[in-house]
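The values are calculated or read from the model by the stated rules, or taken from the named source; none is laboratory data. All of these numbers come straight from a predicted model, not from anything done at the bench. Methodologically, a virtual Cβ is constructed for each residue, glycine included, from the backbone with ideal geometry; neighbour enumeration extends over all protein chains shown.
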Amino acid sequence: MKNKQRHVPENKKTHANEKIYQTEKNSKKVNKMADEMTDEMTDEMTDEMTNEMADKEESGKEMSTGELNSSKETLNAEEKMENKLNEKSASVDHRRDELRRKDVTKVTVFVGAGTCGLGAGAKETLSVVRAYLSEKGVDADIVETGCIGLCSAEPLMDVQIPGKRRLSFQHVTHKVAPAILDSVLKGEVPEQHVLFQFETEGGEP
């Protein structure tokens, strides 16, 4: 038995074609809207990511600047502290040199007035030295020192003239002190009583 081909009226064909066309049209519209929404969402996400990256970068810059400022402040504080320590050290060194009479500006006479020195007659030596300098009109400093361990050489007397090395003399009793001062002030060294000379920077023998 042969299948019979159904006959579709023309008006039904047209109606079907219109439905297909309309469906395709709607599909294109939907696709277009979907594409637009996708583009919109992509742009929004891109802007968001860009802004986020910019914020992070700016934050990083601020942190770097802050860390740099902090480092500078630390360095400045350390430098100030170092300068203060150097100033204090220089002040201590200067005061120590003054006490030691490292660099004198006028004649300076040192007399050992410790217990051993006084026991050997340093008190009388001091009296004679003061009287001698006053009588000769010599502008000088007299410094009483303690024991330096050379008890057997007492009374000790040191004389320092500006620009010269400090000379140390032993067994300087009140009887020999004026003669020693006479010689030293003339630029001579009485060898009989000389003990040693100090190493003074820039000072002549």
Could you list, in sequence order, the residues of the range 108-125 that are closer than 21 Å to Pro162 by Cα and not β-branched (Val, Ile, Thr)?
-> Phe110, Gly112
Scanning the range 142-162 for residues that are touching a helix residue (DSSP H, G or I) at 6+ places or on another chain (Cβ under 8 Å) and of a type in the set (A, V, I, L, M), which turns out farthest from Glu191 (Cα to Cα)?
-> Ile142
Examine the range 141-158 for a residue that is surrounded by 19 or more Cβ atoms within 10 Å (Cβ to Cβ), more than 48 Å from the chain's Cα centre (by Cα), of a type outside the set (D, E, K, R) and at pLDDT 90 or above, and state whether such a residue exists.
-> no
Matching entry among Val138, Val172, Val129 (being at pLDDT 90 or above, in contact with a helix residue (DSSP H, G or I) (Cβ under 6 Å, 6 or more places away or on another chain) and part of a loop (DSSP other than H, G, I, E, B)) | Val172
Could you check how many residues of the range 88-108 are modelled with pLDDT of 60 or more and among the charged types (D, E, K, R)?
-> 4
Condition test on Val111, is it aliphatic (A, V, I, L, M), at pLDDT 75 or above, in contact with a helix residue (DSSP H, G or I) (Cβ under 8 Å, 6 or more places away or on another chain) and not in a helix (DSSP H, G or I)?
-> yes
Of all the residues that make up the range 106-128, how many are under 48 Å from the mean Cα position of the chain (by Cα) and under 21 Å from Phe198 (Cβ atoms)?
-> 13
